[in-house]
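The values are calculated or read from the model by the stated rules, or taken from the named source; none is laboratory data. Keep in mind that what you see is a predicted model, and the values were worked out from it rather than measured. When we count neighbours, we look across all protein chains shown, and the Cβ atoms used for this are built from the backbone with ideal geometry, even at glycine. The accessibility values were calculated without ligands, DNA or RNA, using every heavy atom of the protein model including side chains. Shrake-Rupley method; radii C 1.70, N 1.55, O 1.52, S 1.80 Å.
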Amino acid sequence: MDYSPSHSLVAYRLKRLSFACIQAIHQNRKQLKDQLLMAPEEATASTTILLQTLFLFLDPKLPWACKAVGYLMQRNVFFLFREVILMVKENISAGGSFGKIYTLERVLALMISHVGQSTCVCSNVDSQWSFSSQILTIPFIWQLFPYLKVVFASWRLTLHYTNKMVLCVQNHASLLPTDISNKFPVYACLLGNILETAGAALSQPDCSFEMAMDLAAVTTFLLDALPPIKSSSRESPTVAEDDMIIGDEIEEIVLDSNLEQQITNAIDSRFLLQLTNVLFGGISAACDPHNEGPDDKEVAAITAACAFLHVTFNTLPLERIMTVLAYRTELVPVLWNFIKRCHHNQKWSPLPERFSYLLGDAPGWLLPLAVFCPVYKHMLMIVDNEEFYEQEKPLSLKDVRCLIVILRQALWQLLWVIPSVHPTYGKSISNTSAHKRQLVETIQNRVGTVVSELLSQLQDWNNRRQFTPPSDFHADGVNDFFISQAAVEGSKAHDILKQAPFLIPFTSRVKIFTSQLASVRQRHGAHGVFTRNRFRIRRDHILEDAYNQMSQLPEEDLRGLIRVTFVNEFGVEEAGIDGGGIFKDFMENITRAAFDVQYGLFKGTADHLLYPNPGSGMIHEQHLQFFHFLGTLLAKAMFEGILVDIPFATFFLSKLKQKYNYLNDLPSLDPELYRHLIFLKHYKGDISGLELYFVIVNNEYGEQTEEELLPGGKNIRVTNENVITFIHLVSNHRLNFQIRQQSSHFLRGFQQLMQKDWIDMFNEHELQLLISGSLDSLDVDDLRCHTNYAGGYHSEHYVIDMFWEVLKSFSLENQKKFLKFVTGCSRGPLLGFKYLEPLFCIQRAAGSASEEALDRLPTSATCMNLLKLPPYRSKEQLEAKLMYAINADAGFDLS
């Protein structure tokens, strides 16, 4: 028939009839619930007849199709379809149509395909009643309608619907339907369904940059509304629960486990690769850093990727995605190139409007660093020493030096310049100013934490092999006022000292540390005057006597004064009266004996650095009690400011900081094993042919034992796919697992006197300096500048001039013996002799005018750091007498 004369009437009747078909199904959905999912061939069912009629009317080839679809959408037809589908879902188990395409599914596919076509003249539908709001918020919609999923995943439809969602979702999230239940929030269902089709849309060759941008914007917003999704090995939150802001009670949201799975499975390696490839497609990772800053498209791409990944890091288990981002995408080089150019040009572009809700007016470097730092930090845990130092991967050492400066400046801004932030948890999708402020504060806190961790990690690399001056880690704004504030508990500067101690010069931290110790000693010293603990120590049983007597002391007494009387090999008490010097001598001797590798509690590396002997239990039955005692002993030496000559291995000092050791710490323990593991890491052939399994052989004192690195490890062959896991398990076994009990008991003893926050002010290299002082030669000039004179001596006296000449000519070993002779300790104060208490003093020996007196040896009073020196007439005589005295090893019989 000729349609044109009556097209208005026909179109009107068809629109009304189409809506009547849907309305009939909707109104009778309860009675028809068993007929709602039927294929076209099941034509006897009334629902099939109605839906098939609708399908025929909406054929896009027919001239009235656009008017009919527009009419239906104006009457909120997707809302009616939603209620029909939810009725269906209540009455069937998930599992799809097993090859069938339901008529209802065909109708929905027809309608969503029509909208967005160039020929479509339908008026825009209210976002509240759109396909995205009403249908995509149904849980697991694609399981029910797999054909609809294929249709929706075409890049053209995904582009259209994601673009519509970008325009409305950020400001109209409240227009989404009511949650089906607490376990199925509509925004989570919408996110899961979008992500499930996103991979297919991104993989299409004609996928556009604009679609990837829209997809990132929508998923970022929805991910940010999710509660964190936990896993068995999820990293601990960066803020304690006590720090959470408490306002109105927020009901904890716990997603349905299958919904969680849908979301986490969708953000897989393939999706991350596709998204970053489309976003970074036109961006070079090797641009000249001195050229113009990034253009608008690059800023948009970087922002979209970083915004999506930032909220992903906050929501999903990190172990699922970090390795993919680090090694299978161009994220790190592209981000670093962007950050470096912005830093060089001193210009950070503002965020594109669609992401401005995340940060508002926050600095432009905040979001890129929030993503770059955790991914680069993950890479540093995997790269080996050769890759980092020689091959300069993943960044050149020049770039690492630049990165340190950028991170240091950013961290100082976050912790000191920008007003204090208070991180909050418990997300909401209401777009209020308070929520915006909360988002900014959360990201500032996260960046502050991750930048601190990365700088600390880079400082560890610099300590292993220096590639930049240590001062590069120091903040420019640290001044005397800051240092004075840092010592005050609860101050902002003190908080920075705890979170990022490397920003403050080492000498300043040592002064704060010594002042804290002095304050505690002063509190316990007054009490200790009346309750002194006196040890009677036999020199030839020093370890046994010290263990028996010190182990009996409660923690309160350990902090107080301890006085020592030595008994020589003849059973006679030595003449010295302990005013502090004998105790220093005792501490130096007991530590030398206790940590001697011959005693069996500690072993030495190839570089003669000490670490707990994994086989200590085979030598000493009570070895763990001894480790507790040794921890207390070392802590007492540090507590009293006594330097002791004990060179510890760095990986053991990490245990005092309660840190985990990684592959790159292994060379200091077992360089041969490290070389073998690196060989495996870079092996080009088939590793399974090497016949290695997830077991390790321990060899202690000729006794070999085999341990599995994983349950059933003796049956798990090492392959090219699992070799990295094998390498890190072997490293963990040698560096952490084997010495875990010894280290744990040592730490418990150590923490009796040394508070964790004191030790956390220093890295392992600095901790060794606190224990032993510098290994450099004795600074005789510094000692001379801080020396007093008595008994007629003065700085210009001829005997004094001879003395300094003699001391300067001594070997380092004899200089250390001299220092021990006069102070009771072979090491000088860490910050110089200015801090020796009391200052070193040279006194003319009493009665030294006679010839007989000139034959006397020099003597000392170590409690006063005093040298009693006769007025020898020649330099040769002075040298001979002094050398004899310091090498006599006569205990305190010469005092």
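See the values below:
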{"quantity": "Failed item, numbered, when Glu544 is tested on (1) in contact (Cβ under 8 Å) with a residue 12 or more places away in the chain; (2) closer than 30 Å to Arg592 by Cβ", "calculated": "(1)"}
{"quantity": "Test result for Ile562, open to solvent by less than 50 Å² (accessible area, probe 1.4 Å) and farther than 22 Å from Gln622 by Cα", "calculated": "yes"}
{"quantity": "Helices (runs of 4 or more DSSP H) wholly inside the stretch 344-460 containing at least 3 residues that are under 19 Å from Cys306 (Cβ atoms) and modelled with pLDDT of 95 or more", "calculated": "366-380, 397-412"}
{"quantity": "Residues satisfying the stated conditions in the stretch 154-176, i.e. open to solvent by less than 30 Å² (accessible area, probe 1.4 Å) and either modelled with pLDDT of 70 or more or not small (Gly, Ala, Ser) (or both)", "calculated": "Leu157, Thr158, Tyr161, Thr162, Met165, Val166, Cys168, Val169, Gln170, Leu176"}
{"quantity": "Per-region count, the stretch 1-48, residues of a type in the set (Ser, Thr, Tyr) and either within 21 Å of Ile85 (Cβ to Cβ) or crowded, with 16+ Cβ neighbours inside 10 Å (or both)", "calculated": "4"}
{"quantity": "Scan of the stretch 499-550 for residues that are hydroxyl-bearing (Ser, Thr, Tyr), at pLDDT 90 or above and farther than 30 Å from Ser456 by Cα, ordered by number", "calculated": "Tyr547"}
{"quantity": "Residues being acidic (Asp, Glu) and within 28 Å of the chain's Cα centre (by Cα) - total across the stretch 680-726", "calculated": "1"}
{"quantity": "Residue in the stretch 323-337 that is charged (D, E, K, R), part of a helix (DSSP H, G or I) and open to solvent by 20 Å² or more (accessible area, probe 1.4 Å) present", "calculated": "no"}
{"quantity": "Positions within the stretch 763-792 being open to solvent by 40 Å² or more (accessible area, probe 1.4 Å), touching a helix residue (DSSP H, G or I) at 6+ places or on another chain (Cβ under 7 Å) and assigned to a helix (DSSP H, G or I), in sequence order", "calculated": "His765, Arg784"}
{"quantity": "Which numbered condition Glu83 misses (of (1) modelled with pLDDT of 85 or more; (2) of a type in the set (Asp, Glu); (3) assigned to a loop (DSSP other than H, G, I, E, B))", "calculated": "(3)"}
{"quantity": "Among the candidates Ser895, Ser874, residue that is open to solvent by 20 Å² or more (accessible area, probe 1.4 Å) and at pLDDT 85 or above", "calculated": "Ser874"}
{"quantity": "Pick from the stretch 720-733, criterion out of contact with any Asp or Glu (no Cβ under 8 Å at 6 or more places or on another chain) and assigned to a loop (DSSP other than H, G, I, E, B), ranking: most open to solvent (accessible area, probe 1.4 Å)", "calculated": "Glu721"}
{"quantity": "Residues satisfying the stated conditions in the stretch 793-838, i.e. surrounded by 13 or more Cβ atoms within 10 Å (Cβ to Cβ), outside any helix (DSSP H, G or I) and either without any contact (Cβ under 8 Å) to a residue 12 or more places away in the chain or among the aromatic types (Phe, Trp, Tyr) (or both)", "calculated": "Tyr793, Ser795, His797, Phe810"}
{"quantity": "All positions within the stretch 492-512 that are more than 16 Å from Trp412 (Cβ to Cβ) and either open to solvent by 10 Å² or more (accessible area, probe 1.4 Å) or outside any helix (DSSP H, G or I) (or both)", "calculated": "Phe506, Thr507, Lys511"}
{"quantity": "Cβ-Cβ under 7 Å pairs, at least 6 apart or on other chains, the stretch 400-416 side closer than 23 Å to Glu390 by Cα, far side surrounded by fewer than 20 Cβ atoms within 10 Å (Cβ to Cβ) and of a type in the set (S, T, N, Q)", "calculated": "Arg401/Thr468; Ile404/Thr468"}
{"quantity": "Residue in the stretch 689-719 that is nearest to Met381 (Cα to Cα), counting only those that are open to solvent by 50 Å² or more (accessible area, probe 1.4 Å) and part of a loop (DSSP other than H, G, I, E, B)", "calculated": "Leu710"}
{"quantity": "Complete set of residues in the stretch 266-297 that are β-branched (Val, Ile, Thr) and either open to solvent by 30 Å² or more (accessible area, probe 1.4 Å) or modelled with pLDDT under 90 (or both)", "calculated": "Val278, Ile283"}
{"quantity": "Pair list, Cβ < 9 Å and 6+ apart or interchain, from the stretch 455-479 residues that are among the acidic types (Asp, Glu) to residues that are buried (at least 17 other Cβ atoms within 10 Å of the Cβ) and not in a helix (DSSP H, G or I)", "calculated": "Asp460/Asn763"}
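Conditions tested, residue by residue: (1) closer than 30 Å to Leu778 by Cα; (2) at pLDDT below 95; (3) open to solvent by 20 Å² or more (accessible area, probe 1.4 Å); (4) not polar (S, T, N, Q).
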| position | (1), (2), (3), (4) |
| --- | --- |
| Ala606 | yes, yes, yes, yes |
| Asn613 | no, no, no, no |
| Met618 | no, yes, yes, yes |
| Thr632 | yes, no, no, no |
| Val644 | yes, yes, no, yes |
